[in-house]
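The values are calculated or read from the model by the stated rules, or taken from the named source; none is laboratory data. Everything quoted here is computed from the prediction, not taken from an experiment. Here the Cβ positions follow ideal geometry from the backbone for every residue, glycine too, while neighbour counts run over all protein chains shown. We work out accessible area using only protein heavy atoms, side chains counted, and drop any ligands, DNA or RNA first. Shrake-Rupley method; radii C 1.70, N 1.55, O 1.52, S 1.80 Å.
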Protein chains: 2
Amino acid sequence: MTHKMIAVLFAAALTSTTCFSQATQPAVAEDFKPSTLNQPGQEYPQVNSQGYARFRIKAPKADSVRVSLGLGGRGGTRLAKGDDGFWTGTTEGPMDEGFHYYHLTVDGGTFNDPGALNYYGSVRWESGIEIPAHDQDFYALKDVPHGNVQQILFPSKSTSTSRRAFVYTPPGYEKEKSKKYPVLYLQHGWGEDETAWSNQGRANLIMDNLIAEGKIKPFIIVMTYGMTNEVKWGRIKDFKIEHFQTVLVDELIPYVDANFRTLANRDNRAMAGLSMGGMETHAITLNKPDVFGSYALLSGGTYTPEELNGKSKAKLIFLSCGSKENPDRVNKATADLKAAGYNAVAYVSEKTAHEFLTWRRSLHELAPLLFK
Amino acid sequence: MTHKMIAVLFAAALTSTTCFSQATQPAVAEDFKPSTLNQPGQEYPQVNSQGYARFRIKAPKADSVRVSLGLGGRGGTRLAKGDDGFWTGTTEGPMDEGFHYYHLTVDGGTFNDPGALNYYGSVRWESGIEIPAHDQDFYALKDVPHGNVQQILFPSKSTSTSRRAFVYTPPGYEKEKSKKYPVLYLQHGWGEDETAWSNQGRANLIMDNLIAEGKIKPFIIVMTYGMTNEVKWGRIKDFKIEHFQTVLVDELIPYVDANFRTLANRDNRAMAGLSMGGMETHAITLNKPDVFGSYALLSGGTYTPEELNGKSKAKLIFLSCGSKENPDRVNKATADLKAAGYNAVAYVSEKTAHEFLTWRRSLHELAPLLFK
């Protein structure tokens, strides 16, 4: 991976810390409802119809409680203490649609919001909040046939461990006992792990809904830990792909092909990743062009015709990002690839940044294009 | 379920709040290591070879930080603030072996320890800590063939939702395409949910290890939410079994039998539960004696010959608890059942209370007895 690519990823991540809409602010609508990602029975945090978030934290003897989300000057949204010992506050503006990680700072310490569910990001289990998106239907839990998400533990000699992966098998997998399926290997970003795509990413529900609508041919998705967090964020250029490449290509893929009913060939095997998972996808697909037939980088860089030259030709190259990242770069790279004769597709998620709604939408756009 | 049974469960739960060994205390050994349930890279909480736990929390401007675990007077272990802004403290005595839930109280608010992984208990995601048990080998992650834990979403007309369950399929399930398996339906306790048995319970690893040792015939385990938390702890006697019974018997079991390779008959179907899950098992097995062939109550009450009289005879009745609960009651009930001609087995977990090591061990004892 190049230094240029790293610089772009950094820029994208920094841009995304401003996760507010830029429009002038109307009066705050008092129609707040509990976030859909709250712990059972918890009333807070809440979200209103405009995308404002409101927090309420019990800490009667604290001197200061802050939420890492929001404008509110540097340091997020400062909560104010009420006579009842609860700290409350509302973001100064509406948030971008979709999923956001956050945490609290209580008297200088970092804690999670006890009202919210936790999601692994920033190399810790963070609180999560969901701003309902206008297009949330595509990742909603609906009354359609559902695939399963399986935790597998696969042997890894190179790391002397049993390693964990999650495998999405589509609806009908258990019943259609002789059918074989293509496989997408799907990677999380830096600070995240193998839980991200099925928790905050809702990959299984996106697939279930696409399959129910007849929009895609069912396939398997495999999600494992990309070992990305073994370097600190500021030292990503020191990341070496070889360790993870060995786990993925020499250990996980043979295990999946032996234990699931896969179409075990290049044309029916794809790799995709978000952010640093895109950097991994970029490196591994170029190193192993006979293993994967289709590649997708979600807010995770681009390919050039030059670096693809002389290798087995990709069936599909998919590049995406949020409109608040660097869409020009994605569009330009895609145009260059097309001009060089590649089947390249660009997708830009409107009004989103370096966050999970960009990647949910990217998967939703990518899936129908794969394994044709 | 009877008021007597509820009283006994309450007594057990109250007893278990003292989770310390009673022996005189030696000097604290300074061989503390990070708990095995810490978040990646986190040094604290730590545990020493005697079972003491040590905590370290950053909260430079807090006035008070307490851990809910430990003697330390009422309210757990009080931490002391250092000049570096970190609060530290060690439990006043060694803890019982095994898994414990806990949380922090920071300036009067309830938060989780940012160093520890979270586990659903007490109707919230709590911090977890693990005191290594002398017999921990039976639930360790080893280099043996591993089964999978699948998240399924099954349709439930009675609750108008897609409901979640986890299904353990044993190693080889994917490869042996014509083999059919018995099924154990395994319930969590009050305050917990369908994640408990595979997270804090390590049910999948217990099974993998027993199968690798040739000690059991492989079977499937199904774990779903028992709807137990819809009543408050103090109002458990108001709990109505009918809603969950409908979900389990009329919705989940047919779905599992249609989508997994099960031996779909009474003799090859068992139900077990811990604590309030035992109360559910007791009620449902008596209401539906032709659905389940074997019953197990783990710290979850007993059966009497009278209430079983006139129903299809159970192949096995398994009753267990920790030695710090009420083993006499379990032993007496088992003796009564045996005297009445039932195949009843009692198991008492030594030196444990109403906590998960009792239930891990109970599953380890139960599994070899099932489906003979």
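A compact table of results
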item	result
Filtered residue count, region A:173-221, keeping only those that are acidic (Asp, Glu) and more than 25 Å from residue A:132 (Cα to Cα)	2
Filter result for the condition that a residue is more than 22 Å from residue A:188 (Cα to Cα), open to solvent by 10 Å² or more (accessible area, probe 1.4 Å) and free of Cβ contacts under 8 Å to residues at least 60 places away in the same chain, over A:347, A:342	A:342
For residue B:98: the one exception among (1) open to solvent by 10 Å² or more (accessible area, probe 1.4 Å); (2) more than 11 Å from chain A (Cβ to nearest Cβ); (3) on the phi > 0 side of the Ramachandran plot	(1)
One residue from A:353, A:296 being out of contact with any Phe, Trp or Tyr (no Cβ under 9 Å at 6 or more places or on another chain) and surrounded by 21 or more Cβ atoms within 10 Å (Cβ to Cβ)	A:353
Within region A:73-91, considering residues that are open to solvent by 20 Å² or more (accessible area, probe 1.4 Å) and touching a strand residue (DSSP E or B) at 6+ places or on another chain (Cβ under 7 Å), the one nearest to the other protein chains (Cβ to nearest Cβ)	A:86
Selection status of residue B:272, open to solvent by 10 Å² or more (accessible area, probe 1.4 Å), touching a residue at least 40 places away in the same chain (Cβ under 8 Å) and among the aliphatic types (A, V, I, L, M)	no
So residue B:246, is it in a helix (DSSP H, G or I), touching a residue at least 12 places away in the same chain (Cβ under 8 Å) and farther than 13 Å from residue B:185 by Cα	yes
Top-ranked residue in region A:161-196 [being within 13 Å of chain B (Cβ to nearest Cβ) and within 18 Å of residue A:364 (Cβ to Cβ); ranked as nearest to the chain's Cα centre (by Cα)]	A:168
Positions within region B:108-125 being within 7 Å of chain A (Cβ to nearest Cβ) and either among the small types (Gly, Ala, Ser) or touching a helix residue (DSSP H, G or I) at 6+ places or on another chain (Cβ under 8 Å) (or both), in sequence order	B:108, B:109, B:123
Those residues of region A:206-254 which are out of contact with any His (no Cβ under 7 Å at 6 or more places or on another chain) and of a type in the set (Asp, Glu), in sequence order	A:213, A:230, A:238, A:242, A:250, A:251
Every pair of residues 6+ apart whose Cβ atoms lie under 8 Å, when the first sits in region B:39-50 and is away from chain A (no Cβ under 13 Å) and over 28 Å from residue A:192 (Cβ atoms) while the second is open to solvent by less than 80 Å² (accessible area, probe 1.4 Å) and among the aromatic types (Phe, Trp, Tyr)	B:48/B:32
Sole exception among (1) open to solvent by 10 Å² or more (accessible area, probe 1.4 Å); (2) more than 14 Å from chain B (Cβ to nearest Cβ); (3) in contact (Cβ under 8 Å) with a residue 12 or more places away in the chain; (4) not in a helix (DSSP H, G or I) for residue A:199, by number	(2)
The listed residue being aromatic (Phe, Trp, Tyr), free of Cβ contacts under 8 Å to residues at least 40 places away in the same chain and assigned by TED's automatic domain parsing to the domain that holds residue B:355, out of B:255, B:295	B:295
Answer from A:112, A:148 - the residue that is closer than 28 Å to residue B:167 by Cα, open to solvent by less than 40 Å² (accessible area, probe 1.4 Å) and not acidic (Asp, Glu)	A:148
Options B:313, B:338, B:332: the member that is over 21 Å from the mean Cα position of the chain (by Cα) and modelled with pLDDT under 95	B:313
Some residue of region B:126-135 being among the charged types (D, E, K, R) and at the interface with chain A (Cβ under 9 Å from one of its Cβ atoms)	no
Any pair with Cβ under 9 angstrom, 6 or more apart, that starts in region B:275-290 at a residue that is assigned by TED's automatic domain parsing to the domain that holds residue B:237 and ends at one that is of a type in the set (Asp, Glu) and part of a helix (DSSP H, G or I)	B:282/B:307; B:286/B:307; B:287/B:242
Residues of region A:234-258 satisfying the condition of being within 13 Å of chain B (Cβ to nearest Cβ) and open to solvent by 30 Å² or more (accessible area, probe 1.4 Å)	A:255, A:257, A:258
Filter pass, residue B:214 being away from chain A (no Cβ under 11 Å), open to solvent by less than 50 Å² (accessible area, probe 1.4 Å), more than 22 Å from residue A:167 (Cβ to Cβ) and assigned to a loop (DSSP other than H, G, I, E, B)	no
Count of region B:136-160 residues which are among the aliphatic types (A, V, I, L, M), touching an Asp or Glu at 6+ places or on another chain (Cβ under 9 Å) and either free of Cβ contacts under 8 Å to residues at least 40 places away in the same chain or more than 10 Å from every other protein chain (Cβ to nearest Cβ) (or both)	1
Selection from region A:170-191 of residues that are open to solvent by 10 Å² or more (accessible area, probe 1.4 Å) and modelled with pLDDT of 95 or more	A:171, A:179, A:180, A:190
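Residue by residue, here is whether (1) closer than 30 Å to residue A:61 by Cα; (2) not assigned by TED's automatic domain parsing to the domain that holds residue A:251 holds:
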| site | (1), (2) |
| --- | --- |
| A:96 | no, yes |
| A:108 | yes, yes |
| A:118 | yes, yes |
| A:144 | no, no |
| A:151 | no, no |
| A:160 | no, no |
| A:163 | no, no |
| A:171 | no, no |
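Listed here are the residues, each with its yes/no results for (1) aromatic (Phe, Trp, Tyr); (2) open to solvent by 40 Å² or more (accessible area, probe 1.4 Å); (3) at pLDDT 95 or above.
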position: A:93; (1), (2), (3): no, no, no
position: A:120; (1), (2), (3): yes, no, yes
position: A:138; (1), (2), (3): yes, no, yes
position: A:157; (1), (2), (3): no, yes, yes
